[in-house]
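See structure below.
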Amino acid sequence: MNCLNILIVASILSTATLSFAKESPTITLPDAAQPAIAMSEAIPDWVARWELARCLTILKRYDEAIADYQILLKEKPELHKARLECAQALVWSGKKTEADTLLEKIDTAQFSVAEQGALADLYVILKKYALAAPLYRAVLAATPEDHKTRLKLAEMLSWEKKYAESLTEYTTLLKALPEDQQIRRKFALVLIWNGQHEAAIPELRKTLP
């Protein structure tokens, strides 16, 4: 299995879990970029370096990956998908300040829905909720049945104490997933935080044997 296939598999696996913990949010890898050139053509150095950086990231050799991403971006600063991937490697290696600086120059104009979601996840880790929210909403506009992303948005809004907006997203989730007890319990907690204790009681009862 080549590195490109590994990245795609990692992306699928990373979206398999619905739960989104506040302290360690799940990050969705962006879609692997389409080959920059036809495979029948000569492969330039920058393409080889990009694939090398991706391989190193998959193997969690973040420092090496970051070094190659930095060389790549110095040569090709217009590769904003590579910039996103480098920021992910920086975050995963604990270098949040460096990731934040790198993302200041990012352009999402050509980003796929998955890449918009991945960037939003990074902004959440960096506690830049105002930047994450419109990206999550853009993802939901394109894929309204993406329950994982809606849950991320609902939780993030509750952390910001935007309870009414959070409850709206939880209500939408519960209409689609009425049997999900964890979502219902989170919904009930936001009701409590919003002072709606009476409304929270039946919601909590529904989750108990």
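Screening residue 109 against (1) part of a helix (DSSP H, G or I); (2) open to solvent by 20 Å² or more (accessible area, probe 1.4 Å); (3) within 30 Å of residue 69 (Cα to Cα) leaves a single unmet condition, (1).
Let's see how each residue does on (1) hydrophobic (A, V, I, L, M, F, W, C); (2) assigned to a helix (DSSP H, G or I); (3) without any contact (Cβ under 8 Å) to a residue 40 or more places away in the chain:
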{"position": "87", "(1), (2), (3)": "yes, yes, yes"}
{"position": "94", "(1), (2), (3)": "no, no, yes"}
{"position": "100", "(1), (2), (3)": "no, yes, yes"}
{"position": "115", "(1), (2), (3)": "no, yes, no"}
{"position": "122", "(1), (2), (3)": "yes, yes, no"}
{"position": "131", "(1), (2), (3)": "yes, yes, yes"}
{"position": "139", "(1), (2), (3)": "yes, yes, yes"}
{"position": "153", "(1), (2), (3)": "yes, yes, yes"}
{"position": "173", "(1), (2), (3)": "yes, yes, yes"}
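Residues in the stretch 152-172 that are of a type in the set (A, V, I, L, M) and surrounded by fewer than 22 Cβ atoms within 10 Å (Cβ to Cβ): 164, 167. The residue of the stretch 42-96 that is surrounded by the fewest Cβ atoms within 10 Å (Cβ to Cβ), among those that are within 20 Å of the chain's Cα centre (by Cα) and charged (D, E, K, R), is 60. Taking the stated definitions as given, is residue 162 within 14 Å of the chain's Cα centre (by Cα) and free of Cβ contacts under 8 Å to residues at least 12 places away in the same chain? When the stated conditions are applied, residue 162 does not pass them. On the given criteria, is residue 132 touching an Asp or Glu at 6+ places or on another chain (Cβ under 9 Å), modelled with pLDDT of 95 or more and open to solvent by less than 10 Å² (accessible area, probe 1.4 Å)? In short, yes.
The values are calculated or read from the model by the stated rules, or taken from the named source; none is laboratory data. Treat the numbers as computed from the prediction; the structure is a model and nothing was measured. No Cβ is skipped: glycine too gets one built from the backbone with ideal geometry, and neighbour counts run over all protein chains shown. The accessibility values were calculated without ligands, DNA or RNA, using every heavy atom of the protein model including side chains. Shrake-Rupley method; radii C 1.70, N 1.55, O 1.52, S 1.80 Å.
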